[in-house]
1. When the helix-only estimate is applied to the chain (DSSP H runs of n ≥ 4, each -39,500 (n - 2.57), divided by the residue count), what is the mean residue ellipticity at 222 nm, nearest 500 deg cm²/dmol?
2. Specify the angular offset, from 0 to 90 degrees and rounded to the nearest 10, of the alpha carbon long axis of helix 158-184 from the longest principal axis of the alpha carbons in the chain.
3. Note down the relative contact order for the stretch 4-184 as a percent, whole number, built from C-alpha pairs under 8 angstrom at least six residues apart.
4. Using label points projected 7 Å from each Cα along Cα→Cβ, tell me how many nm separate residue 15 and residue 120, to one decimal.
5. Testing the spin-label approximation: label points 7 Å from Cα along Cα→Cβ at residue 158 and residue 136. State their distance in nm.
6. Give me the number: length gained by fully extending residue 128 to residue 62, i.e. 0.36 nm times residue separation minus the C-alpha to C-alpha distance, one decimal in nm.
7. Calculate how many DSSP beta bridges within the chain are antiparallel, expressed in % of all such bridges and rounded to the nearest 5.
8. Once both axes come from the Cα atoms, what is the angle between helix 116-128 and the longest principal axis of the chain, in degrees from 0 to 90, rounded to 10?
């Protein structure tokens, strides 16, 4: 069977050590799965604009085609001021129909909330884009304490690794089901 193509969307800037450590940890987990092909879309690499028109943002480089090529997505995001970063919103809005009829999961990190408020906001955005969101998430509470100075995960990350495995199993199920559905009948939008 053809591998599923999963786009991991890194929604944070590269400042500090927590965001890059979380991103590296999760991308390494996804790459260890033999059933998944991974495309890493780092929002920090995109030339984002705030222009909007026709109900969505201006196209951004090759972001739309890479979203279109994916069977499913995982958004890795911090929580800033009870929400997710503005550049992530601009990236998401730069595509529209490319998202339809696919599945997405979330990995969040932050302080006490672990980024859960960012995930709840992203769920409403992806609902508008006709994306089925996975119920189970990975939420890293007090994430800066979960990684050493070297950026490597500490032993207490074992539970998060199990949660990430469950998230990827569920995402793979949904992504495959929706890919088969899109191939047999176009999504009705």
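Just so it is clear, none of the values below were taken in a lab; they were calculated from the coordinates. Computed from a predicted model, the values in this text were never measured in an experiment. Because the Cβ atoms are built from the backbone with ideal geometry, glycine has one as well, and the counts that use them run over all protein chains shown.
1. Here the helix-only value at 222 nm equals -11500 deg cm²/dmol.
2. 0 degrees
3. Answer for the stretch 4-184 is 24 percent.
4. A separation of 2.6 nm, rounded to one decimal place.
5. It is 1.8 nm.
6. 21.6 nm
7. Numbers: 4 of 30 bridges.
Roughly 15 percent of the DSSP beta bridges within the chain come out antiparallel.
8. 10 degrees
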